[in-house]
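J.: Structure in structure tokens, see below.
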Amino acid sequence: HTALVELRGEIAADTEASAENMIVGLKSAFEDVGAQAVVIRINSPGGSPVQAGIINDEIKRLKVKYNKPVYAVVEESCASAAYYIASGADKIFVDKASIVGSIGVLMDGFGFTGLMDKLGVERRLMTAGENKGFMDPFSPQTEKQRAFAQAMLDQIHKQFIDTVKAGRGKRLKETPELFTGLFWTGQQAIELGLADQLGNLDFVARE
């Protein structure tokens, strides 16, 4: 039979798709002596790159230890951190209308300093360490802090890109847009080498 591991929803600590939960499922699937292959069924918009990296590393370790093929089957979406995980599979199957890709990293927040000035509100933030208030939405962001955050994002983005390149190899058809955070339909993902072919869970298990 085919062992099935589900990856659903946001990838984060303390969620159904956390590294802790996924690793338990993956180990059980690989250790099952009757399982001829392991399928990871994915329906996730992404989430934590840390959690995704832990899961991807475990997939690679288990593949070597048990010498079993691993297939990712995408339903609605396999984006961002979910694609980070999928790139560890031997093959990625998609629906023609699946959403695939979003190879990028973000850090978001808000800045209220202009509004506070208009309202005459004074922010009284006391810190020990000049950057301790970094990312505080009520304090202005310096150019030095912006550059520091961007360097962090760039490094994590490179880790993501390197993982995808290692997993997909020569199948990737690199374009200027491939690693910019854009996402594509399943059909387009196949053309770009981000996925291998069309197929749902029943097809993959049967074939």
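The values are calculated or read from the model by the stated rules, or taken from the named source; none is laboratory data. All values reported here derive from a predicted model rather than from experimental measurement. All Cβ positions, glycine included, derive from the backbone under ideal geometry; neighbour counts span all protein chains shown. Areas reflect the complete protein model, heavy atoms only, side chains present, ligands, DNA and RNA absent. Shrake-Rupley method; radii C 1.70, N 1.55, O 1.52, S 1.80 Å.
J.: Counting only residues that are β-branched (Val, Ile, Thr) and open to solvent by 40 Å² or more (accessible area, probe 1.4 Å), which one in segment 16-52 is nearest to Ile99 (Cα to Cα)? So that I can check it myself, show each step before the final result.
T.: Filtering segment 16-52 down to residues β-branched (Val, Ile, Thr) leaves 23-24, 33, 38-40, 42, 50.
Restricting the remaining residues to those that are open to solvent by 40 Å² or more (accessible area, probe 1.4 Å) gives 24, 33, 50.
Numbers: Val24: 27, Val33: 33, Val50: 22 Å.
Applying the filter and picking the extreme gives Val50.
J.: Could you list all residues from segment 163-174 that are open to solvent by 50 Å² or more (accessible area, probe 1.4 Å) and either over 25 Å from Lys60 (Cβ atoms) or in a helix (DSSP H, G or I) (or both)? Break it down into steps so the answer makes sense when it comes.
T.: Of segment 163-174, the ones open to solvent by 50 Å² or more (accessible area, probe 1.4 Å) are 165-166, 170-171, 173-174.
Within segment 163-174, Lys165, Ala166, Lys170, Arg171 qualify.
J.: Would you please name the residue that is nearest to the chain's Cα centre (by Cα), looking only at residues in segment 38-81 that are closer than 20 Å to Asp14 by Cβ and hydroxyl-bearing (Ser, Thr, Tyr)?
T.: Ser80
J.: Scan segment 62-70 and give yes if some residue there is out of contact with any Ser or Thr (no Cβ under 6 Å at 6 or more places or on another chain), hydrophobic (A, V, I, L, M, F, W, C) and over 24 Å from Ala195 (Cβ atoms), otherwise no.
T.: Of the residues in segment 62-70, the ones out of contact with any Ser or Thr (no Cβ under 6 Å at 6 or more places or on another chain) are 62-70.
If we keep only those that are hydrophobic (A, V, I, L, M, F, W, C) too, we end up with 62, 64, 70.
Then keep just the ones that are over 24 Å from Ala195 (Cβ atoms); that gives none.
No, that holds for no residue.
J.: Out of the residues in segment 175-188 that are in contact with a helix residue (DSSP H, G or I) (Cβ under 9 Å, 6 or more places away or on another chain) and surrounded by 17 or more Cβ atoms within 10 Å (Cβ to Cβ), state the one that is nearest to Ser80 (Cα to Cα).
T.: Ranking the qualifying residues of segment 175-188, first place goes to Phe183.
J.: Can you give me the ranges of the helices (runs of 4 or more DSSP H) entirely in segment 36-133 with at least 2 residues that are over 23 Å from Leu178 (Cα atoms)?
T.: On the way: elements: 49-66, 81-86, 113-119.
Passing ranges, in order: 49-66, 113-119.
J.: Please determine whether any residue of segment 109-119 is modelled with pLDDT of 80 or more and either open to solvent by 90 Å² or more (accessible area, probe 1.4 Å) or not charged (D, E, K, R) (or both).
T.: Residues of segment 109-119 that are modelled with pLDDT of 80 or more, as a first pass: none.
The answer is no, given that none of the residues of segment 109-119 is modelled with pLDDT of 80 or more and either open to solvent by 90 Å² or more (accessible area, probe 1.4 Å) or not charged (D, E, K, R) (or both).
J.: Moving on. If you scan segment 122-142, which residues turn out to be over 28 Å from Asp154 (Cβ atoms) and surrounded by 12 or more Cβ atoms within 10 Å (Cβ to Cβ)?
T.: Arg123, the sole residue that qualifies.
J.: Which is closer than 20 Å to Ala81 by Cα and either of a type outside the set (Gly, Ala, Ser) or in contact (Cβ under 8 Å) with a residue 40 or more places away in the chain (or both), of Leu119, Leu153, Leu201?
T.: Numbers: Leu119 fails: closer than 20 Å to Ala81 by Cα; Leu201 fails: closer than 20 Å to Ala81 by Cα.
Within the list Leu119, Leu153, Leu201, the selection yields Leu153.
J.: Do you know which of the residues in segment 1-15 that are hydrophobic (A, V, I, L, M, F, W, C) and under 12 Å from Tyr71 (Cα atoms) is most open to solvent (accessible area, probe 1.4 Å)?
T.: Just the residues of segment 1-15 that are hydrophobic (A, V, I, L, M, F, W, C), to begin with: 3-5, 7, 11-13.
If we keep only those that are under 12 Å from Tyr71 (Cα atoms) as well, we get 3-5.
Numbers: Ala3: 11, Leu4: 77, Val5: 9 Å².
Checked segment 1-15; the qualifying residue most open to solvent (accessible area, probe 1.4 Å) is Leu4.
J.: Tally up the residues in segment 1-15 that are within 22 Å of Ile99 (Cα to Cα) and either touching a residue at least 60 places away in the same chain (Cβ under 8 Å) or in contact with a Leu (Cβ under 8 Å, 6 or more places away or on another chain) (or both), please. Give the derivation first.
T.: Kept after step one, since they are within 22 Å of Ile99 (Cα to Cα), are these residues of segment 1-15: 4-12, 15.
Next, only the ones that are either touching a residue at least 60 places away in the same chain (Cβ under 8 Å) or in contact with a Leu (Cβ under 8 Å, 6 or more places away or on another chain) (or both) stay: 4-5, 7, 11.
Total meeting the criteria: 4.
J.: Please go through segment 175-206 and pick out each residue that is touching a strand residue (DSSP E or B) at 6+ places or on another chain (Cβ under 8 Å), assigned to a loop (DSSP other than H, G, I, E, B) and within 22 Å of Ile59 (Cα to Cα).
T.: Scanning segment 175-206 gives Leu194, Ala195, Asp196, Gly199, Asn200.
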